[in-house]
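The values are calculated or read from the model by the stated rules, or taken from the named source; none is laboratory data. This is a predicted model, so every value here is computed, not measured. Reconstructed Cβ throughout: ideal geometry from the backbone, glycine too, with neighbour counts over all protein chains shown. We work out accessible area using only protein heavy atoms, side chains counted, and drop any ligands, DNA or RNA first. Shrake-Rupley method; radii C 1.70, N 1.55, O 1.52, S 1.80 Å.
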Amino acid sequence: EIYTLSLHDALPICVTDAAGTSASQSYAITVAPAPLVITTTSLPNGTVGSAYSASLAATGGVTPYGFTVTGLPAGLSFAGVPGGTGNSGAAIFGTPTAPGTSTVVVTFTDATRATASKTFPLTISLPAAPPLNFTGISASSAPLQQPVVQVSLGNSYPVDVVVTLTLTFAPDSGADDPTIQFSTGGRVAHITVPAGSTNGLTTAGVQTGSVSGLITITASMQAAGLDVTPSPAPSRTIRIAALAPAATTVTATRTSTGFTVTVIGYVTDRELTQAIFTFTAASGANLQTTTLTVPVGPIFATYFTGAAAAPFGGQFNFTETFAVTGSNLAISSVSVVLVNNVGQSTPVSEI
């Protein structure tokens, strides 16, 4: 006879001899199921902000299966997948929220409580960084200004992007101008672009100083603590042109022998050749001399190459003393014009 056996069946054995005498005996035969094996060989890697899915499967054992999954990256979950005569698989799904490499442990348990476990590495990467745009600044600027720098992304990003701006300055001549810096202080500023947005939360003002040259602002980008700066790094330049000198303030102070004139101003190329003083007579007075041209080249060359000028870029505070024969009240006002190789300043008067 032919018997079909289940897992635990008793198989009867019958023997009959030539005389027709028979004897029988039943024997228990247990048919063991195939070993429980996880057939999934690997898990695909994922990207932050992009939908993720992966299937898990096992064979052997006795269905239905139960399963556990541990060590999943943030944003991922798991659930069973119906199939065959019972629950024969599982799926990992979701949207990863942070980069990193995880060790995922998958365990299948069958109806007889047999188990099989397998460990998978799973790497979640950041997507490629979007383009970075500078807004709010022009290619050139006058001295002593404070243009505002803002940054924006070409498209939104799934995590916060911290943009670090680094400022450098190449003067046309002479030493650096340390007054060229961000309005927040120093030559490094940070702007954060929130996840899902394209615009930075803050701005950074650039103090353009008083020396001609080229300001370069270079950006680096970090997301989730990782560098995502494109290559080449985004940058923007601001040209500070060489201009004629500027006298911003003129102050005249009378003394017992005449008066002193103090001029506060700046010169972008750190060079002054002449200071021209023009005097206006008081009502009813006559002046033999109304204009004096004072050569100041050596004085300013010494000043601008010395340590005293280093913190102030092209700015200066210049005092000239005049002796007056007769009453110093004969002069009602003085006007000052500064001259260099680029041109001359607009006259500034003190009454």
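Summary of values
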{"quantity": "Filter pass, Ala307 being of a type in the set (Gly, Ala, Ser), under 56 Å from the mean Cα position of the chain (by Cα) and under 23 Å from Leu243 (Cβ atoms)", "calculated": "no"}
{"quantity": "Extreme residue, least open to solvent (accessible area, probe 1.4 Å), among residues of the stretch 317-350 that are part of a loop (DSSP other than H, G, I, E, B) and either among the hydroxyl-bearing types (Ser, Thr, Tyr) or within 14 Å of Thr253 (Cα to Cα) (or both)", "calculated": "Ser345"}
{"quantity": "Number of the condition not met by Gly86 [criteria: (1) among the small types (Gly, Ala, Ser); (2) surrounded by fewer than 16 Cβ atoms within 10 Å (Cβ to Cβ); (3) at pLDDT 95 or above]", "calculated": "(3)"}
{"quantity": "Subset of the stretch 200-240 [at positive phi, touching a residue at least 12 places away in the same chain (Cβ under 8 Å) and open to solvent by 20 Å² or more (accessible area, probe 1.4 Å)]", "calculated": "Ala224"}
{"quantity": "Strands (runs of 3 or more DSSP E) completely within the stretch 99-148 that count 1 or more residues being among the aliphatic types (A, V, I, L, M), under 24 Å from Gly60 (Cβ atoms) and within 36 Å of the chain's Cα centre (by Cα)", "calculated": "100-109"}
{"quantity": "In the stretch 188-199, residue nearest to Arg270 (Cα to Cα) [restricted to those that are surrounded by 15 or more Cβ atoms within 10 Å (Cβ to Cβ) and touching a Pro at 6+ places or on another chain (Cβ under 9 Å)]", "calculated": "Thr198"}
{"quantity": "Selection status of Val294, assigned to a strand (DSSP E or B), crowded, with 16+ Cβ neighbours inside 10 Å and more than 41 Å from the chain's Cα centre (by Cα)", "calculated": "no"}
{"quantity": "The stretch 250-278, subset hydrophobic (A, V, I, L, M, F, W, C) and over 47 Å from the mean Cα position of the chain (by Cα), residue surrounded by the fewest Cβ atoms within 10 Å (Cβ to Cβ)", "calculated": "Ile276"}
